[in-house]
Structures are given as structure tokens and as C-alpha cells.
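The values are calculated or read from the model by the stated rules, or taken from the named source; none is laboratory data. Note that this is a predicted model, so its numbers are computed, not measured. With ideal geometry, Cβ positions are generated from the backbone for all residues, glycine too; neighbour counts draw on all protein chains shown.
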Amino acid sequence: MKVGILAPGRVELADRPEPPLGPGELVVELAACGVCGTDLEKLRGNYASAGILGHEPVGRVRSAGPGAPEALAPGTRVFVHHHVPCYACAVCRRGDLTFCPEYSRSNLDPGGFAERFRVSADHLRKGAVLPLADAVSWEVGTLLEPAGCALTAIRAVGLPAGGSLFLLGLGPVGLLYARLARSLGAGWIGGAELSPLRRAAAERGGIDAVVDPRDPEEVRRAVARATGGAGVDRVVVATGAPAAVELGTELARRGGTLNLFGLPESGSQLRMDLQKLYLRGLRVIPTYATTERDVADLHALLASRRLVLEDLVSHRLPLDRIDEAFALAARPAEALKVVVTGPAFGGERPGAGPRPVGPSNAR
Ligand SMILES: [Zn+2]
Ligand SMILES: [Zn+2]
């Protein structure tokens, strides 16, 4: 079967044996898997991790080993969460599940960009496989993981009812974050983004003020106008650029919170006056990844249509064009979310969610 793997400087399609199926395990046939910013960072060599690509997969259960849950019979449409915490260590017991040392070691075999992948019995026991509601299309299903990251972040930083929020970076995940914050009761939401395509998507999606960060003065003015000069309750740094962190400290209100949400490049440095944090009582909270529990809550929001994300998928390309999908995802001027499709794509039951609207590309 075909598998997308990392090769020096590019993504390659390799031929690999079918994944084996053990007791209590599943093999899932891929319908679609989103290309994430962290996949792009792995390709650039900026992200020290196992180098497994693809962690936003949806598909159909193809086969189930003895002892696998009956609710996940072959044919079931599912989302699969790639990492699971151990739930036993001190980190997990304190609730910091995504920072469990076991969390990032667990994964799908051989990854999300494969025609078929194996889900371990441990993943299944911990609830990492979620049957998809009919209202959740394959494309929207691929957004469960990134939108789950936004939900985990919002829960970690807290969002006061009617509170104000500013996002530095409106890539696909920044856009998801804004939309989720809106549906959870945020008040004023502003954002800064370099790409005109993404700024336009933010405006369509109801963000109150969208500015170009190349003019930091304009960013400061937009926040000051909306908050009477006080600053916003929450600043979300949805980019890895260190300069955005310093700018963020100037946009937050006294006692406000900065959420470090985007992955910084490894080795990135920040030199700034720490009194900006100390004397203004700013909290800095990094959030990383999500849990199967937050993804399940997010799925309920999507299934009930309290959260609508269809238009954020701009392109879908088949697995054998994965290199093009990655190249496209790395061009913010052209793409929002790029999704790679597999053999189980299509064939959603009638009554499944509407087809994506917006700048779709069904090449
Ligand atoms: Zn991701
Ligand atoms: Zn743990």
C-alpha cells in the first residue's frame, strides 16, 4: 500500500506492507487527512519528533481484531486521534494530559498519510477512535484534531464571557480558533495575518477587525480602538514568529493572558524587557495538541451545527499527489486548509453535511 513519508527536503510516496492486525486493534482505511503546520515544520527539519506525518485522519474501519469494541465494526466512519496520554503518571494526574511523556510517543502505524493504518489496542481503550456523526463530512472530520487543539487551548487559558481576543496569525488553525471562540461566547475578536487570502477568510468568518501585521502600529491601534486603550483579555500567538510574542504583550490588558499556540521553530530566541510581563501581570500559557476528550466535545459542537467549519478546507488532493498538497499548504497566499484524500474518500451517506463552499479545488 502507499504511504506518504519524509524524505530529505520533501514528502515521498513509498510502498509499504499492509499494517498487521492484532487483538483489540483496528485497521482503518483512509478517507482524508489534513496537512498540518507541524507536518510542514517536520519537512523543514524544524521539529524534533519521531517524524511520523499525518495526524488528522478520518476513514472507515476496514477490519477489527478480536476484542475490539463492537461499536467500531468494519464500515464505521471514524476519526482517529493519534496520541494518547498514559493517564497514570504525575503529569496526567494533574490534568496536563498533552504534556505526558508517553503522549507524543504513541502514534498510528505507519501514520495518517497511508492508505490504511493500524490503531493500537491502547488507543482504543483510551477512546481515541470516535465514530463520526452523519452531519460531519470527511473534510470537516479532518478539522477535528486542529479544532480540538483550539478547544484545549481555550479551556487552558479560560475565555471570560463576552471577553475580547486578538489572534496573531490567521492560518487554518488561527481561523478555527477564532470561530470556536465565537461559538463559545467571545465578544470582540481581532486578528493579524500576512496573507490577503487568509485575511479575507477571516473577514468572511466574522472576525471583527483584521489587520496586516507588517504595520505593528496599525495592530496596536485596532486593539486600542476596540478596547478603549485597555488591551484585550486574551492574545493568541498562532504563529511561531518570536516577534509576535513581544507584540502580543503590548496588546494584552493588564492581568491578561498570552496563549502560545503556534509551534516556534526549534532554537528560536526571544529578547524582550521582562518588566513588560512582570509589571503588567501577564500570564503566558503555552498549549500543545489536544486530547480525545476535547475532540469528542468538539465533535458534539460540529454534529449539532453550533460550529460550522466547511469553508476552511480550500483544497483536497489524492494521496499520490501528497507532495503537491504539502507545497500548496506551505503557500499561505493560495491555501487555507489542504486535505489529502485516501481510498475511502466519498461515499458519505446521504444527509451528511453540505459540501465545502469557498475557494475549493477538486482537481
Ligand atoms: Zn495538526
Ligand atoms: Zn501520563
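A count restricted to the stretch 1-12 and to residues that are surrounded by fewer than 16 Cβ atoms within 10 Å (Cβ to Cβ) and among the hydrophobic types (A, V, I, L, M, F, W, C) stands at 1.
Take the conditions (1) outside any loop (DSSP other than H, G, I, E, B); (2) within 11 Å of ligand 2 (Cβ to nearest atom); (3) in contact with a helix residue (DSSP H, G or I) (Cβ under 6 Å, 6 or more places away or on another chain); residue 98 misses just one of them, which is (3). Within the stretch 183-203, the residues that satisfy the criterion of being of a type in the set (A, V, I, L, M, F, W, C) and either outside any helix (DSSP H, G or I) or touching a Phe, Trp or Tyr at 6+ places or on another chain (Cβ under 7 Å) (or both) are 184, 186, 188, 189, 192, 194.
Residue selection: residue 76 satisfies the criterion of being of a type in the set (Val, Ile, Thr), over 19 Å from residue 337 (Cβ atoms) and without any contact (Cβ under 8 Å) to a residue 60 or more places away in the chain.
If you go through the stretch 33-79 one residue at a time, how many are in a loop (DSSP other than H, G, I, E, B) and over 23 Å from residue 314 (Cβ atoms)? Steps first, answer last, please.
Pass one, the stretch 33-79, residues in a loop (DSSP other than H, G, I, E, B): 35-36, 45-56, 65-69, 73-76.
Those still in the list that are over 23 Å from residue 314 (Cβ atoms) too: 45-52, 65-69, 73-76.
Total satisfying the criteria: 17.
Residue 214 - would you say it is surrounded by fewer than 16 Cβ atoms within 10 Å (Cβ to Cβ) and not assigned by TED's automatic domain parsing to the domain that holds residue 333? When the stated conditions are applied, residue 214 passes them. The residues in the stretch 21-60 that are modelled with pLDDT of 95 or more and among the aliphatic types (A, V, I, L, M) can be counted, and the count is 9. Restricting the stretch 277-313 to residues that are at pLDDT 95 or above and touching an Asp or Glu at 6+ places or on another chain (Cβ under 8 Å), the residue that is surrounded by the most Cβ atoms within 10 Å (Cβ to Cβ) is 313.
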